[in-house]
Protein chains: 2
Amino acid sequence: MTRTPTAAEVKRHTWWGWGSEDVSFHVDDKPAFAPFVRKQIGLDLATSTPQPVPQLETFDVPDSRLPAALRQQLVGIVGEDAVVDDDELRVVHSFGRSATDLFRVRTGDFERLVDAVVYPASEEEVAAVLRLVLEKDLVLIPYGGGSCISGSVTPDPAEQRPILCLNMGRMRQVLEIDETAGLARVQAGAYGPDLEEQLSAEGWTVGHFPDSFAYSTVGGWAATRSSGMQSDKYGDIADIVRGLRMVHPQGTLVVRPLPSRSTGPSVQEMVIGSEGRLGVITEVTLQVHRIAPVRQVIAYMYPDWEHGLRGMHAIARSTEVSPTFTRLSDGPETAFSLSMVKEPRSAKGRVTAKVQDGLFAYLRRRGWKVDSEMCISYVCFEGTSESVERQKSIVKQIVKRNGGISLGSGPGAIYDQKKFDTPYLRDFLLNHRVFGDVSDTAAPWSRLNEVHDAVYGAYRRAMEAQGLQGFMFCHMSHSYHAGACLYFTFAVPYTDDASALEQYGAVKRAVQDAFQEHGATLSHHHAVGTEHQPWIEQDAGPVGTGMVRGLFATADPGRNLNPGKIVSP
Amino acid sequence: MTRTPTAAEVKRHTWWGWGSEDVSFHVDDKPAFAPFVRKQIGLDLATSTPQPVPQLETFDVPDSRLPAALRQQLVGIVGEDAVVDDDELRVVHSFGRSATDLFRVRTGDFERLVDAVVYPASEEEVAAVLRLVLEKDLVLIPYGGGSCISGSVTPDPAEQRPILCLNMGRMRQVLEIDETAGLARVQAGAYGPDLEEQLSAEGWTVGHFPDSFAYSTVGGWAATRSSGMQSDKYGDIADIVRGLRMVHPQGTLVVRPLPSRSTGPSVQEMVIGSEGRLGVITEVTLQVHRIAPVRQVIAYMYPDWEHGLRGMHAIARSTEVSPTFTRLSDGPETAFSLSMVKEPRSAKGRVTAKVQDGLFAYLRRRGWKVDSEMCISYVCFEGTSESVERQKSIVKQIVKRNGGISLGSGPGAIYDQKKFDTPYLRDFLLNHRVFGDVSDTAAPWSRLNEVHDAVYGAYRRAMEAQGLQGFMFCHMSHSYHAGACLYFTFAVPYTDDASALEQYGAVKRAVQDAFQEHGATLSHHHAVGTEHQPWIEQDAGPVGTGMVRGLFATADPGRNLNPGKIVSP
C-alpha cells in the first residue's frame, strides 16, 4: 500500500497546458521537423516568434462563489488542506486538455470556473460530499487526471449554483490483487503510472495504455469509456472492468466482480461512460495479467494505405495470431513521423540512419512513394519466446502477401519509448498559433477506406473555405473483429485570437460530420462531454439518446451531478 | 433469402413439454441408466408407471379476453392467419420450459393465459402492434422460441388487461452478410438452426450454441443475455451483438453496427437482457466467423474435481491456447454421463467399450474413484490442422501436470452429436414424478470450489429437510479470464401433485441462496424473468436494481411491455 497523499501532493497539469512544466517539445534535435512544418502548414519556425508563457496574474480570474459556511462544512468532511479554492487550482480543474481548453486557458477566457476543489481520501468522504451537494443544491464535477479532450470536466457557463470539483487523486491505492481470479481492486483516483507501478511490483499488468496514460486515472478511464493502445489484446476499459463501486444519490452502487452474468440490462455498462452524471466512481475491479516473458514491437512498411489496411485486416482475421496491438500510420502520418526523427548522435545511430537511407532509395527504385504514400505499421507480440517467434513469422508472411516489408524491432523500440510524449507537441504548436487536435472514430472494416477518404475531403474543404493551409494525418490504432479505430490528427493554423476558436470549430465540425455521414461513430475513445455533444443524437439516434437522458434524470432529477454532459439538458 | 413462413409454419414446442412430440428420451438402449436412477433417486423404472401424456380437452382452459374489435384491429395489421387465439396455442405461448412451467402445463394449472398470439412479418407490423398496445392499454409479451426457464414469457396472473403474445418466428431471415466486416444482419425471430443453416451455406458461423439452440431465437438470445457452449472463444451474446433495432414506445431504436464506441452509457447493453421490457427487438447484427477448417473435441479424465478445476484454470491462463470451449463435469455428472452410454451395437462399439473397461480398471488400480470422483472434461480446438495439433499438445501437457489423462477424440465426437437432446430427459423424468432442473451461476476462479461445495451442501440439506432422496451434478461450462460458469443439474422426486411445486421450490431457493452467499451471480445465462426475481436485489444491489427499474419506468410508464419481469413492479 502506498501512503495516501495530501491534496498538495496530487499530480496535476500546469494551468496553461499539458502535463509538467519541466517537459516540453524540442525542435532543435529534429532536423527534418522545421522544413516539414514550413512546407505543410506554412509555419516558418526560423522567423516565427513563440508566444510567451501566459502569466495568470495578467488575467481576470472570477472569484469563487462558494459561501464560507459551505466551505466550512466541506472542511468538516475532508479536512482544511483538502478544500482548495485558489485561482490557479480552480483554473486547472475547470478545463480538460482539448484544443479549445488550451486556447481558452492561455487567453484567460475563463468564463465560469469551479468554485472549489475538494480532495476526498475515502469513499465515506465522497458520500458525505455528495449528500451535502444534494442537500444544498450544489453542483459536483468528478475529476480524474483532467486529460479529457471533450469538455467532460468543464462547468456550464450558465450555472448559477456553487460548483465543486471532486479531485479523486488521493485515492490511488491498489487495494487487493486476487491472484487466482486475475482481478485487482483499485481506487478510482489511481493514475496510470500509479496503477502499473503497484501492479508490476507483484508481476501483474492491466495492459491499458491510453495516450493520456501519465495524466489519466482508473476512474476517468471507466467514466469516459476509454480505450488504450493495447486494447487489441487486453480489451477496451469496458472489457477490463469486472466490477465497481459508485457513490450514487440513492446510496453506494456495488457491482460485484463477476466474470459474466445474465441478470437484466447491464448496470455496469450504464456506469461506464457516464462521465459523472450518475455519481462518483470510487473503486474499480480490473482484470490483470501476468507480465509476458517476451514483448516485441516489430515495424513494417507498406507502399500505401490500401495495401496497409488490407494487411491489418488479414492480421485481424488470422485465427493463428493475437497481437497486443496492430497500428498502421497512413502516408501523411508516416511522413510526419519521419520528420520527428532525431539527429543521430552515436556511431550506431549514424549507421542506422545510413541503412534507412539505403532502404528508402531501394524502395523508391521499386516505385514506392516514400515521402507521401508509404505507410509504417507497428505490431506488438507478447508471450513465450516460441509463440512470439511463431506469430512474428505468420505476420511477416501476411505483410508480404499484402505488399509490405518487415523492418524488424529497431523502430518499434523507439515507438515504445516515445508513446506518451505526443501531447506536449500541441502546446509547442499553440505557441506558434497553430491548433493541433485529434478526432477518433471507429467503423466496420468494410467502410474504413470510405471514412478515411471522406474525412480528408471534409478537412480539406473546411480549410480551403477559410483560406487556411493545414495538414492532417491518420492512423489505425486498434482493431476488432468487426472493424477498427481511425485516429485523425490535424493542424489548424489560426490567423488571430479573435477568430481562432471559430476557425478551429469549423474544421472540427467538418471532420465529425464526415464520421456521421459515413457510418462511423462520433468517438471511439474520447467520450462525449460537451464538445462531441452536437453529434450524440445522430450517433445514438433519438430513441437511444432519450434512454440515456432518462437514465440520468432518474438518478439525478436536480441536475447536481456534472449537468449538461453527454446529453442536454 | 428463405421465404417468410406463415404463422402456422412457425416451429413450436408441444403444449405439454419440450420441443417436438416426435423426439423423446429412451431408456431401453441405455443399460446402466435404470440402475443408476434406482440407486441415486430411488426411482425404479421397472415398476414405476409413467403418467400418460396429458390431454388438453380434460383441462379447463380460460377463455381469451381479447375483445372482438381489438382482434379485428390486429387482423388489420398482420392479417387473419397471423392472429391466433385457440386454446392450444395460447397455452404453448403462456409458458417457457422451466420445471415449474412443465409441471403447470401438465397439470392444467393455467391460471392466466395470453389472450392471443400475433405473428408479425415485418418491423412495420411490430411497430403498428406496439402502437395499438399503447393506445388501448394492452399488454405485450415478445416471444422467441419459448425455451426460457425463468418465467420471462409467462403473464402476470393478476393482469386484468388483454395480453398479446408477439411471436417473432416469421421474421427469420439473414438479411445481409458483410463479408469484409464479418457482420450479419439477422431478423430477431430466426431460430438457431435457421441462422446457422443460412450462414453456413455461405461459409460462416456465429458460433453461439446454447443448449436451447434448436428452440431459441436470435432475438431471444439478446433479450435474455444468453451464453452458449462455445462462448469461451466466440463470446457471450453481449459480445457477439454489434448492433440492433428495437421497436420502442418512443420510436425505433437503431444501434448502428460498430466495432466499439465511447459515447456515453451503452444503449445496447441496456437492451441486452431487457426481456421485452423496453420494446421488441426486431433485428440484430451479429459477428460472424469463417467456419474453421479443422474442429476437434478432445476428452480428458481427472481423478477428481479439484484436479480438474486446476487444469481448467491453467488452460484459461495459458496465453498459448484459445480453445473453442473448455468443459469439466464433476464426479456426479461424470457418473451420470456414463449411465447414459448406449449399449454397443457394432463390433467397433464393443471394442471401444472393452477398451474403456480396461482403462477404468487401470485407473482403479492407480487409486482413482472411477464411479464417484473421476471427472470427464471436453476441450474443443478449431483452426488450421497445425494450430489444432499445437494447441492439443500444449493442453495435453497442462492436463498431465494437473493429474489428468487424455482420452483422444472418440468421446468428444459423441458429445458433439448429442448436445441438444438433454432437455427431453426432463419430460421423461416428469412422467415418473421427478423434477429435473438446472441452476447456473458464475464466480471468480478464487471462489469456484467454495461455490461448488456450498451448493451441494444447500441442496442436500433442503432435500433432507423434506425427506426426499435426490441427486445433483455439475459442470464448468464456460471459462473467462476472471472466472467460470458452474452449471448445476438436480433432481427433485416429488411425493404428490399438491405439494410438488412447494417441494421443488424449497430446493431451488436453497441453491440460489447459496449462490448469493458465496459471491456467485444469480444467473449466468438463464436471465431473470420471474423465477429468479427473488434474488435480483441481492445480485444487483438496491441501487443497481433501482437503476434498472428507472430504465423500464422511463420507457414504459404504463407498464404495457412484459410487466413484472426482471424487477417488480
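Laboratory data are not the source of any read-out in this text; all were calculated from the coordinates shown. Everything numeric in this text was worked out from a predicted model, so none of it was measured. So basically every Cβ, Gly included, is an ideal-geometry build from the backbone, and we count neighbours across all protein chains shown.
Here are some notes:
- Peptide B:245-257 - average C-beta neighbours from other chains (10 Å radius): 4
- Estimated inter-spin distance, B:Lys348 and A:Arg461, nm [label 7 Å along Cα→Cβ]: 6.6 nm
- Coupling constants for region A:437-442 follow from the phi torsions by the Karplus curve (6.51 cos²θ - 1.76 cosθ + 1.60, θ = phi - 60°), and in residue order they are 9, 9, 9, 10, 8, 9 Hz; glycine and proline get x.
- Karplus-derived HN-Hα couplings along region A:212-224 (A = 6.51, B = -1.76, C = 1.60, θ = phi - 60°), whole Hz, x at Gly and Pro: 7, 2, 5, 10, 9, 10, 4, x, x, 4, 5, 5, 10
- For the protein assembly as shown, diffusion coefficient by Stokes-Einstein and Kirkwood Rh (Cα), 25 °C, 0.890 mPa s, µm²/s: 78 µm²/s
- Take each residue of peptide B:286-298, count the partner chain Cβ atoms within 10 Å of its Cβ, and average: the result is 1.
- Estimated FRET transfer efficiency when R0 is 45 angstrom, pair A:Ser409-A:Glu124 (beta carbons, to 0.05): 0.35
- Dimensionless Rg ratio for region A:75-114, taking C-alpha atoms and the 2.2 N^0.38 Å reference: 1.39
- The translational diffusion coefficient of region B:96-237, from Stokes-Einstein at 20 °C and 1.002 mPa s with a Kirkwood hydrodynamic radius over alpha carbon pairs, comes to 130 µm²/s.
- Using alpha carbons only: equivalent-ellipsoid semi-axes of region A:1-149, gyration tensor based, whole Å: 38, 18, 13
- For region A:418-484, the ratio of Cα radius of gyration to the globular rule of thumb 2.2 N^0.38 Å stands at 1.33.
- Size descriptors for region A:481-554 (Cα atoms only): Rg and Dmax, in that order, 14.9, 46 Å.
- At least 20 Å along the helix axis (C-alpha) and Kyte average at least -1.0, DSSP helices within chain B: B:347-365, B:385-401, B:448-465, B:497-517, B:536-555
- Share of Cα-Cα pairs in region B:268-416 lying beyond 17 Å, as whole percent: 67 percent
- Note that region B:469-481 has calculated 3J(HN,Hα) couplings of 9, x, 8, 10, 9, 8, 9, 8, 9, 9, 10, 10, 3 Hz, one per residue in order, obtained from phi through the Karplus relation 6.51 cos²θ - 1.76 cosθ + 1.60 (θ = phi - 60°); glycine and proline are x.
- The orientation-averaged shadow of the Cα convex hull for chain B, equal to a quarter of the hull surface, comes to 26.0 nm².
- B:Gln469 paired with A:Ala68, simple spin-label distance in nm, labels 7 Å along Cα-to-beta-carbon: 8.4 nm
- Other-chain or far-sequence residues with amide H under 5 Å of A:His478's (modelled H): A:Cys485
- Pair-distance distribution P(r) for region A:356-488, from all Cα-Cα distances in 5 Å bins starting at 0: 2, 7, 12, 16, 19, 19, 14, 7, 3, 1, 0, 0 percent.
- Spherically averaged projected area in nm², based on the convex hull that wraps the Cα atoms of region B:327-411: 6.4 nm²
- Counting all C-alpha pairs of region B:123-163, share separated by more than 17 Å (%): 43 percent
- Point-to-point label distance, B:Val61-A:Thr47, nm (Cα→Cβ direction, 7 Å offset): 9.2 nm
- In this calculation the C-beta distance from A:Asp497 to A:Val27 is compared with R0 = 25 Å, giving a FRET efficiency of 0.60.
- Amide H contacts of A:Phe325 (H built 1.01 Å from N, under 5 Å, at least 5 apart or other chain): A:Cys380
- For the peptides A:481-489, B:264-272, B:123-131, the ranking by mean Cβ contacts within 10 Å, running from highest to lowest, is B:264-272, A:481-489, B:123-131.
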